[in-house]
Amino acid sequence: QKEVEQDPGPLSVPEGAIVSLNCTYSNSAFQYFMWYRQYSRKGPELLMYTYSSGNKEDGRFTAQVDKSSKYISLFIRDSQPSDSATYLCAMPGSYIPTFGRGTSLIVHP
Amino acid sequence: ETGVTQTPRHLVMGMTNKKSLKCEQHLGHNAMYWYKQSAKKPLELMFVYSLEERVENNSVPSRFSPECPNSSHLFLHLHTLQPEDSALYLCASSQDRTGGGGYTFGSGTRLTVV
């Protein structure tokens with residue numbers, strides 16, 4: 001079993017939709033969780049960072065962590081075409097961070 | 001200049017060439033990383049440097065050779081590469097080797113081996 005599982009998509013939604021992106025992980029030692037956004041031909045950029053169970057909100061983005069289920073989610077409200085990108089979940093570790101393979105999101109007008 | 005800067009942005013090289021990728025971070029971070037990103041594949045960690053200590057992915061071929069002269073600069077020396085080495089090479093940094101605070105990535109070097 002891989003340490004982090006993430007559906008690669010692509011996920012295609014209409015503008016204004018609520019988007020749900022998810023990752024499952026197997027290592028219960030993970031304490032911090034991150035979401036990155038990567039536009040085409042660019043490096044990933046940190047979008048959300050959380051270290052506890054529950055929800056964290058930042059504008060249209062909400063990160064949710066359920067440690068008991070080893071499940072994390074990123075919700076995007078009122079999605080825009082500019083949100084079209086690949087979203088990667090990540091868990092930092094000693095020397096070796098763990099990244100999901102990324103979910104490709106397409107928001108069409 | 002702030003953040004993580006990678007040069008060159010694009011590189012085309014023959015299989016017999018020798019070239020180097022450069023990364024510089026202006027964040028005061030103490031750990032730096034090289035990643036390989038191929039189409040439709042997950043990020044592949046190649047090397048980690050933290051306070052001059054190096055950790056490497058044992059599956060990385062010896063034709064890739066990292067160098068970290070100080071905490072702000074990281075190089076990836078390339079020689080006798082293969083076409084399957086064509087990919088986006090990303091440099092990243094973090095405050096320390098635990099990754100606390102997250103990882104900051106550069107824009108990457110798009111490498112094409114012909």
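Given +1 at the Cβ of Lys and Arg, -1 at the Cβ of Asp and Glu and no other charges, the dipole of the protein assembly as shown around its Cα centre is 440 debye to the nearest 20. With 10 Å bins beginning at zero, the pair-distance distribution over Cα atoms of the protein assembly as shown amounts to 8, 33, 35, 19, 5, 0 %. Listed by chain and number, the lysines whose C-alpha is less than 17 Å from the C-alpha of B:LYS19, apart from same-chain residues fewer than 8 away, are B:LYS36. Listed as lacking a disulfide-compatible partner in the protein assembly as shown: B:CYS68, by the criterion of no other cysteine Cβ under 4.7 Å. Which residues in region B:1-43 place their backbone N less than 19 Å from a point set 7 Å from the Cα of B:THR112 along the Cα-to-Cβ direction? Those under the cut-off are B:7-21, B:37-40. On the basis of the beta-carbon distance and an R0 of 22 Å, B:GLU84 and A:GLU5 show a calculated FRET efficiency of 0.30. Looking at region B:27-114, which trypsin sites (Lys or Arg not before Pro) are DSSP coil and have at most 10 other C-beta atoms within 10 Å of their C-beta? Those that pass, being in a loop and sparsely packed, are B:LYS40. Each semi-axis of the equivalent ellipsoid for region A:3-92 is √(5λ) with λ an eigenvalue of the Cα gyration tensor; in descending order they amount to 21, 14, 12 Å.
Only Cα sites of region B:16-114 enter the Debye sum here, all with the same form factor; the resulting log10 I(q)/I(0) across q = 0.18, 0.20, 0.25 1/Å is -0.80, -0.98, -1.47, listed in q order. Candidates B:THR16, B:ASN30, B:PRO42 compared by Cα position along the dipole of region B:1-58: farthest toward the positive end lies B:THR16, with charges placed on Cβ. Using the Cβ-Cβ distance between B:ASN70 and B:MET15 with R0 = 41 Å, the FRET efficiency computed as 1/(1 + (r/R0)^6) comes to roughly 0.85.
Computed from the coordinates by the stated procedures, all read-outs in this text should not be read as laboratory data. Because the structure is a prediction, the values reported are computed rather than measured. Methodologically, a virtual Cβ is constructed for each residue, glycine included, from the backbone with ideal geometry; neighbour enumeration extends over all protein chains shown.
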